[in-house]
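**Q** Next up is a structure, given as structure tokens.
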Amino acid sequence: MLLDDAIERFREHIAHERGLSARTVEAYASDLALFARHLDPDGERSPRIASITPLELRAFLAGEVGRGLSSRSMMRRVAALRAFFAFLRTRKLVKSDPTRQLAQRVSRRSVAKRSMATPSTHSMTR
């Protein structure tokens, strides 16, 4: 399934089945649209949800930190991503949840620090 299609299904789920407020639905949908744009900046090819990795999530969140996103907004972005992937798992649309590899409490500093570590620099610090 493509990311754009999955986001629409999630949006319908949280609006109708979970009954979240219109503001929460819009906020989560907006956060997920930003993530989709991060993965597909030109809007030409929506990625498959099964191919999304924890590294891509961290890169997205690090980019948000770089833009000066507040801690409160950062926590909402993380909550939206976690809720989205939990929905996909319960619907058996993905086998694994890449948000499980994010820290329990994602801080602006931890996202920036982890996303900057590459395999080569990580092995050098051991």
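The values are calculated or read from the model by the stated rules, or taken from the named source; none is laboratory data. All values derive from a computational prediction rather than experimental measurement. Counting neighbours? That spans all protein chains shown, and the Cβs are built from the backbone with ideal geometry, glycine included.
**Q** Just to verify a result, which residue in region 81-126, among those that are modelled with pLDDT of 90 or more and touching a Pro at 6+ places or on another chain (Cβ under 7 Å), is surrounded by the most Cβ atoms within 10 Å (Cβ to Cβ)? Explain how you work it out, then say what you get.
**A** In the first step, residues of region 81-126 are kept if they are modelled with pLDDT of 90 or more; the result is 81-100.
From what's left, touching a Pro at 6+ places or on another chain (Cβ under 7 Å): 85, 98.
Values: Phe85: 22, Pro98: 18.
Among them, the one singled out is Phe85.
**Q** Mind listing whichever residues of region 21-44 are under 17 Å from Leu55 (Cα atoms), among the aliphatic types (A, V, I, L, M) and touching a residue at least 40 places away in the same chain (Cβ under 8 Å)?
**A** Within region 21-44, Leu32, Leu34 meet the criteria.
Conditions tested, residue by residue: (1) under 23 Å from Leu93 (Cβ atoms); (2) surrounded by fewer than 16 Cβ atoms within 10 Å (Cβ to Cβ); (3) of a type in the set (Val, Ile, Thr); (4) within 14 Å of the chain's Cα centre (by Cα).
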{"position": "Asp42", "(1), (2), (3), (4)": "no, yes, no, no"}
{"position": "Pro47", "(1), (2), (3), (4)": "yes, yes, no, yes"}
{"position": "Ala50", "(1), (2), (3), (4)": "yes, yes, no, yes"}
{"position": "Glu64", "(1), (2), (3), (4)": "no, no, no, yes"}
{"position": "Ser70", "(1), (2), (3), (4)": "no, yes, no, no"}
{"position": "Ala79", "(1), (2), (3), (4)": "yes, no, no, yes"}
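**Q** I'd like to verify a number: residues in region 43-79 that are basic (Lys, Arg) and under 24 Å from Glu8 (Cβ atoms), how many? Don't jump to the end; show me each part of the working.
**A** So in region 43-79, the residues basic (Lys, Arg) come out as 45, 48, 58, 67, 72, 76-77.
In the following step, the residues that additionally are under 24 Å from Glu8 (Cβ atoms) were identified as 45, 48, 76-77.
Number of matching residues: 4.
**Q** Still on this structure: I'd like to know if region 14-22 contains one or more residues that are surrounded by fewer than 14 Cβ atoms within 10 Å (Cβ to Cβ), on the phi < 0 side of the Ramachandran plot and of a type in the set (A, V, I, L, M, F, W, C).
**A** Among the residues of region 14-22, at least one is surrounded by fewer than 14 Cβ atoms within 10 Å (Cβ to Cβ), on the phi < 0 side of the Ramachandran plot and of a type in the set (A, V, I, L, M, F, W, C), which makes the answer yes.
**Q** Right, Glu26: part of a helix (DSSP H, G or I), at pLDDT 95 or above and acidic (Asp, Glu) or not? Please lay out each step first, then the result.
**A** On the way: part of a helix (DSSP H, G or I): yes; at pLDDT 95 or above: yes; acidic (Asp, Glu): yes.
So Glu26 passes the test.
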